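For reference, the structure is listed below as structure tokens.
The values are calculated or read from the model by the stated rules, or taken from the named source; none is laboratory data. As the structure is a prediction and not an experimental result, all values here were calculated from the model. Don't worry about glycine lacking a Cβ; one is built from the backbone with ideal geometry, like all the others, and counts go over all protein chains shown. Accessible surface is based on the protein model in full, side chains and every heavy atom, while ligands, DNA and RNA are left aside. Shrake-Rupley method; radii C 1.70, N 1.55, O 1.52, S 1.80 Å.
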Amino acid sequence: QLQLVESGGGLVQPGGSLRLSCATSGFAVDYYAIGWFRQAPGKEREGVSCISSTGDISNYADSVKGRLSISRDKAKNTVYLQMNSLKPEDTGVYSCAAGPYCIARMAGDEYDYWGQGTHVTVSS
């Protein structure tokens, strides 16, 4: 099995920035795509971004394009989500997950391994 641990969440004002980290470990973790998902209060889980196993492909939800950026550090087995220009609607629990591929408009059903999540609150 793979293990994923998120960190970096917290309270930030609108327009502020946070960087989330997803530390991964386990068998063949380098060959999995990694996705970031979030669940806001009263809403369904949604895919935020993902990155392919090689790092060559990345996708973003329309609501975060231009504000969030995903990257992968192979040497550290860590995937980052840099979040800029944050909005109150970005508030939620952010989880990273490992799966077979990175595609647009994913809900996470195809992802097999999940972290416990880190809270992000955007509020003034």
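Which one of these does Ser71 not meet: (1) free of Cβ contacts under 8 Å to residues at least 40 places away in the same chain; (2) out of contact with any Phe, Trp or Tyr (no Cβ under 8 Å at 6 or more places or on another chain); (3) of a type outside the set (Val, Ile, Thr)?
The single condition Ser71 does not satisfy is (2).
Quickly run through segment 104-124 and pick out the residues that are open to solvent by less than 50 Å² (accessible area, probe 1.4 Å) and either under 14 Å from the mean Cα position of the chain (by Cα) or of a type in the set (Gly, Ala, Ser) (or both). First the steps, then the outcome.
Here is the first cut: in segment 104-124, the ones open to solvent by less than 50 Å² (accessible area, probe 1.4 Å) are 106-108, 111, 115, 117-118, 120, 122.
Scanning segment 104-124 gives Met106, Ala107, Gly108, Tyr111, Gly115, Gly117, Thr118, Val120.
Among the candidates Ala40, Ala28, single out the residue that is among the hydrophobic types (A, V, I, L, M, F, W, C) and either in contact with a strand residue (DSSP E or B) (Cβ under 7 Å, 6 or more places away or on another chain) or within 17 Å of Gly8 (Cα to Cα) (or both).
Numbers: Ala28 fails: either in contact with a strand residue (DSSP E or B) (Cβ under 7 Å, 6 or more places away or on another chain) or within 17 Å of Gly8 (Cα to Cα) (or both).
One residue alone meets the criteria, Ala40.
If you take the residues of segment 85-103 that are open to solvent by 10 Å² or more (accessible area, probe 1.4 Å) and within 18 Å of Arg72 (Cβ to Cβ), which of them is nearest to the chain's Cα centre (by Cα)? Please lay out each step first, then the result.
At the first step, the residues of segment 85-103 found to be open to solvent by 10 Å² or more (accessible area, probe 1.4 Å) are 85, 87-89, 91, 93, 95, 100-103.
Now drop any that are not within 18 Å of Arg72 (Cβ to Cβ), which leaves 95, 100-103.
Numbers: Ser95: 6, Pro100: 15, Tyr101: 14, Cys102: 12, Ile103: 13 Å.
Here the residue is Ser95.
So which strands (runs of 3 or more DSSP E) stay within segment 30-124 end to end and still have 1 or more residues that are closer than 17 Å to Leu2 by Cβ? If you could, list the steps in order and put the result at the bottom.
Working: elements: 33-39, 46-51, 58-60, 68-73, 78-83, 92-99, 118-122.
Answer list for segment 30-124: 33-39, 46-51, 68-73, 78-83, 92-99.
Have a look at Leu2, Leu18 and point out the one that is at pLDDT below 95 and either within 15 Å of Ala104 (Cα to Cα) or open to solvent by less than 40 Å² (accessible area, probe 1.4 Å) (or both).
Details: Leu18 fails: at pLDDT below 95.
Leu2 is the lone residue from the list that is at pLDDT below 95 and either within 15 Å of Ala104 (Cα to Cα) or open to solvent by less than 40 Å² (accessible area, probe 1.4 Å) (or both).
Of the residues Ser71, Ser17, Ser49, which single one is of a type outside the set (Val, Ile, Thr), touching a strand residue (DSSP E or B) at 6+ places or on another chain (Cβ under 8 Å) and more than 19 Å from Thr121 (Cα to Cα)?
On the way: Ser17 fails: more than 19 Å from Thr121 (Cα to Cα); Ser49 fails: more than 19 Å from Thr121 (Cα to Cα).
Among Ser71, Ser17, Ser49, only Ser71 is of a type outside the set (Val, Ile, Thr), touching a strand residue (DSSP E or B) at 6+ places or on another chain (Cβ under 8 Å) and more than 19 Å from Thr121 (Cα to Cα).
Any residue in segment 96-124 that is touching a residue at least 60 places away in the same chain (Cβ under 8 Å) sitting within a Cβ distance under 8 Å of a residue that is open to solvent by 60 Å² or more (accessible area, probe 1.4 Å) and among the β-branched types (Val, Ile, Thr)? List the pairs, counting only those 6 or more apart or interchain.
Cys102/Ile57; Gly115/Val5; Gln116/Val5
Within the set of pairs 6+ apart or on separate chains, which have a first residue in segment 9-24 that is within 14 Å of Thr91 (Cα to Cα), a second that is acidic (Asp, Glu) and modelled with pLDDT of 95 or more, and C-beta atoms under 7 Å apart?
Between residues of segment 9-24 that are within 14 Å of Thr91 (Cα to Cα) and residues that are acidic (Asp, Glu) and modelled with pLDDT of 95 or more, the close pairs are Leu20/Glu6.
For segment 24-54: of the residues being crowded, with 16+ Cβ neighbours inside 10 Å and small (Gly, Ala, Ser), which is farthest from Thr78 (Cα to Cα)?
From segment 24-54, those crowded, with 16+ Cβ neighbours inside 10 Å are 24, 29, 32-38, 46-53; that's our starting set.
Narrowing the set further to residues that are small (Gly, Ala, Ser) leaves 33, 35, 47, 49, 52-53.
On the way: Ala33: 12, Gly35: 12, Gly47: 18, Ser49: 15, Ser52: 13, Ser53: 12 Å.
Looking at residues that are crowded, with 16+ Cβ neighbours inside 10 Å and small (Gly, Ala, Ser), I get Gly47.
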